[in-house]
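The values are calculated or read from the model by the stated rules, or taken from the named source; none is laboratory data. Because the structure is predicted, anything quoted here is derived from the model rather than measured. Reconstructed Cβ throughout: ideal geometry from the backbone, glycine too, with neighbour counts over all protein chains shown. The protein model used for the area step is the full one, side chains on, heavy atoms only, and it has no ligands, DNA or RNA in it. Shrake-Rupley method; radii C 1.70, N 1.55, O 1.52, S 1.80 Å.
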Amino acid sequence: MNQFPIIDGHNDTLLKLHQQEKGKGRLFFNESSIGHIDLPRAKKGQFSGGFFAIFCPHPSGSLLPDFEKFATEKGYDLPLSAPAEYEYCHRMTNAMVADLFSLEANSNGSFKVVRTVDELSNLVHKETIAAILHFEGAEAIDTDLDALSVYYQAGLRSIGLVWSRPNAFAQGVPYRYPSTPDIGAGLTESGKSLVRECNQLGIMLDLSHLNEKGFWDVAEISDAPLVATHSNAHTISPISRNLTDKQLDAIAESNGVVGVTYAVNMLRPDGKLNTDTPLEEIVKHIDYIASRIGIEHVVLGSDFDGTTLPDELGDVTGVPKVLELLKNHGFSDKDLCKLTYENWLRVLKNTWK
Ligand SMILES: [Zn+2]
């Protein structure tokens, strides 16, 4: 039995499968060397389940931001991405939710969408991958929030108000290095209503990609533990997407969690998109956050299939090497159980209804 089954905070695998449908796309159930997760590789990587994000890229925009084009003397300053329209996102989201359910239907029981903590904890030590339906950005939801309850009934259990762009609810943080996350305005009135409604329904709110004013608005309004599914320590890597010490403290105070992400530009002290990044950089962020706020508040939030990873990690199969490094660094088996799955079970128990 896998001693440290991983519940992972964020992946964009659904988008990768969706976009590649027309072409040479990989299939989730067959092992491939394309991208970061498929079922056989997930098993090798101790990936037991996680948040499967639905993200709608702007129809005209490229997915990978052009860091070189927006280089500054000390780093980069990418403009905020253009907003995406509700109709477009609503349609694309429905298509991707349908993809998720067809994966489940065709999986022969090896992949299951979970809606309760019991369902999730029952699968943690089993072979079946547990998928939590997550929206990265709330563009598919109308400001009357009718779609929210429909998606909740379908299985939505986690939502990030924004990706790094503005929408009707909030403003995402642009990629800027060096910079604090304090760029732009806080939540709109619709954003505040969305937070309250998510609390009411028991949908987790994800603070990654939200700017700092928005973060504090959610901290004030929400009665659930604060969660950032894929963000690192700003003190180590001072990019706008990472969390300041004050934000880390607020997450701990709410009994929430931070998902340490493997995005090289959010790990590295120089913020560069350089894949020659040792795995020790991941350990440093976990160690820093655990020392400051406790290992009870740290989880893993890979961003597989959505970001640029260290070469040494490669894909999901590289994660056991990180756990090995953490052991060598002095993390106990108990600590690693908390990091890999126990903290998530606690937070979701306190969040989902
Ligand atoms: Zn993201």
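The table that follows gives values for the structure above.
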item: Computed over region 156-242, Cα set: Rg, Dmax in Å; result: 12.3, 37
item: DSSP beta bridge pairing in region 6-349, given as percent antiparallel to the nearest 5; result: 15
item: Surrounding net charge for residue 264, when Lys and Arg each add one and Asp and Glu each subtract one, Cβ distance under 11 Å; result: -4
item: Per residue value of the accessible surface for the chain (all protein chains in place, 1.4 Å probe), Å²; result: 39
item: Whole-Hz ³J(HN,Hα) from phi, Karplus 6.51 cos²θ - 1.76 cosθ + 1.60, for region 54-59, glycine and proline x; result: 10, 10, 10, x, 4, x
item: Extension gain from residue 196 to residue 2, taking 0.36 nm per residue of separation minus the Cα-Cα distance; result: 66.0 nm
item: Counted charge near residue 276, where neighbours are those whose Cβ lies closer than 12 Å (Asp, Glu -1; Lys, Arg +1); result: -2
item: Region 201-266 and region 328-353: distance between their alpha carbon centers, rounded to Å; result: 17
item: Karplus (6.51, -1.76, 1.60) ³J(HN,Hα), θ = phi - 60°, over region 76-88, in Hz, Gly and Pro reported as x; result: 7, 8, 7, x, 5, 5, 5, x, 10, 6, 4, 4, 4
item: Full-extension gain in nm, residue 106 to residue 280, via 0.36 nm per residue minus C-alpha separation; result: 58.8 nm
item: Length released on extending from residue 189 to residue 29, taking residue separation times 0.36 nm less the Cα-Cα span; result: 53.3 nm
item: Flagged links, alpha-carbon separation over 27 Å, of 69/192; 272/338; 112/349; 126/327; result: 69/192; 272/338
item: Normalised contact order of region 174-316, rounded percent, pairs of Cα under 8 Å and 6 or more residues apart; result: 23
item: Rounded D (µm²/s) - region 6-349, Kirkwood Rh over Cα pairs, Stokes-Einstein at 25 °C, 0.890 mPa s; result: 124
item: Computed E for residue 125/residue 68 - FRET, C-beta separation, R0 45 angstrom, nearest 0.05; result: 0.50
item: Rel. contact order, % - alpha carbon contacts under 8 angstrom, at least six apart, region 6-349; result: 18
item: Fraction of accessible area attributable to carbon and sulfur, region 6-349 (%, probe 1.4 Å); result: 49
item: Whether region 314-353 is rounded, prolate or oblate, judged on the alpha carbon gyration tensor where a/c under 1.5 counts as rounded; result: oblate
item: Amide H within-cut-off set for residue 298, under 5 Å, with H built and near neighbours excluded; result: 258
item: Cα pair count fraction exceeding 26 Å, expressed as % - region 160-299; result: 19
